[in-house]
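Trainee: This is the structure, below, for whatever I ask next.
The values are calculated or read from the model by the stated rules, or taken from the named source; none is laboratory data. A quick note: this is a predicted structure, and the numbers were derived from the prediction, not measured. Areas reflect the complete protein model, heavy atoms only, side chains present, ligands, DNA and RNA absent. Shrake-Rupley method; radii C 1.70, N 1.55, O 1.52, S 1.80 Å.
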Amino acid sequence: MTTSPATERGGVTGRAPWPLVVPALLGLAFLVLPLAGLLVRAPWSTLPRRLAEPQVLEALRLSLVTASLATAVCLLLGVPLAWLLARASFPGRRLVRALVTVPLVLPPVVGGVALLLVLGRRGLLGQWLEGTFGITLPFTTAGVVVAEAFVAMPFLVISVEGALRAADPRYEEAAATLGASRWTAFRRVTLPLVMPGVIAGAVLCWARALGEFGATITFAGNFPGTTQTMPLAVYLALETEPEAAIVLSLVLLAVSVVILASLRDRWTSSP
């Protein structure tokens, strides 16, 4: 007896019951209509000119640079942290995992306030950094990177930790029996195995950093050319020039769509 692909995957085919279809369509409309409204109200005739305006290009440049730097910071710190959570056993691991994911649910403005209290000029570490090294982070471009990395790192850690837990540890054990050190096994065996998870996490991390608003405006301010990223430029333009805000929003929407399309196969493919 042959089975259909849907049956093999455990799916159920047939007509969907209307008690599920109606709320599903309402939910779809709830999510899509605001985006459609953005497209309908967009000033398409003046779009090229507005995209070429210096303040738009500067905000876009700053957003791309800071999001990329924040992602690099997250990769440098987040991949080892994910390995620690996935492969090491230590007291309080569940608490550490919960603390790592706090920025996912913490209001971004609260995150910005927390960064000010720690890294501000009178903060727990900020005062020492300024007095010892002359480093000041708040209201600087470096502060934008710090704020974006703070809110985006959990996306990377969760993705990489999941990939590490799914990877077969026998490959690492085989490398160890052949004389490879733990660092060599991680670099030559583990990291290539989980690279798809690292890439997916890095893309999500970059997208979250690109769209960060609350922590950035609280910790770094909104100074054109220095800390004014695209989301902050949208907020400022909405008060004075709504059409410019729509144009900036379209740019962020286009970036989000491209990112989601690039990750679609990873999310929808079955193991």
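Trainee: Nearest 500 deg cm²/dmol is fine: what mean residue ellipticity at 222 nm does the chain get from its DSSP H runs of n ≥ 4 alone, each adding -39,500 (n - 2.57), divided by its residue count?
Mentor: The helix contribution divided over the chain gives -23500 deg cm²/dmol.
Trainee: With every protein chain left in place and a probe of 1.4 Å, what is the accessible surface of PHE133, to the nearest 10 Å²?
Mentor: 120 Å²
Trainee: Just reorder LEU260, LEU124 by solvent-accessible area, largest first, 1.4 Å probe, all chains present.
Mentor: Final ranking, largest accessible area leading: LEU124, LEU260.
Trainee: OK, next. Give the label of the value calculated from the structure for volume of the Cα convex hull per residue in Å³, choosing from [x] 133; [y] 213; [z] 113.
Mentor: Matching entry in [x] 133; [y] 213; [z] 113: [y].
Trainee: Another question, then. Suppose a student asked you for the relative contact order of the chain, using Cα pairs under 8 Å spaced at least 6 residues apart; what percent would you report?
Mentor: Across the chain, relative contact order equals 27 percent.
Trainee: Going by a ≥ b ≥ c, the root eigenvalues of the Cα gyration tensor, does the stretch 145-186 fall in the rounded group (a/c under 1.5), the prolate group (a/b larger than b/c) or the oblate group?
Mentor: Because a/c hits 1.5 or more and a/b fails to exceed b/c, the stretch 145-186 counts as oblate.
Trainee: Within the chain, what whole-number % of the accessible surface is contributed by carbon and sulfur, with the 1.4 Å probe and all protein chains included in the calculation?
Mentor: About 70 percent, which is the carbon plus sulfur part of the accessible surface.
Trainee: Another one. How many Å² of accessible area per residue for the chain, probe 1.4 Å?
Mentor: Roughly 60 Å² per residue, with all protein chains present.
Trainee: Order ILE199, ILE246, most accessible first, counting only protein heavy atoms with a 1.4 angstrom probe.
Mentor: Sorted by accessible area, descending: ILE199, ILE246.
Trainee: On a 1.4 Å probe surface of the protein chains, which of ARG170, ARG61, ARG122, ARG93 comes out largest in accessible area, and what is the full order?
Mentor: Largest accessible area first, the list is ARG122, ARG170, ARG61, ARG93.
Trainee: Could you compute how much accessible surface LEU81 exposes when probed at 1.4 Å, giving the result in Å² to the nearest 10?
Mentor: Result for LEU81: roughly 40 Å² accessible.
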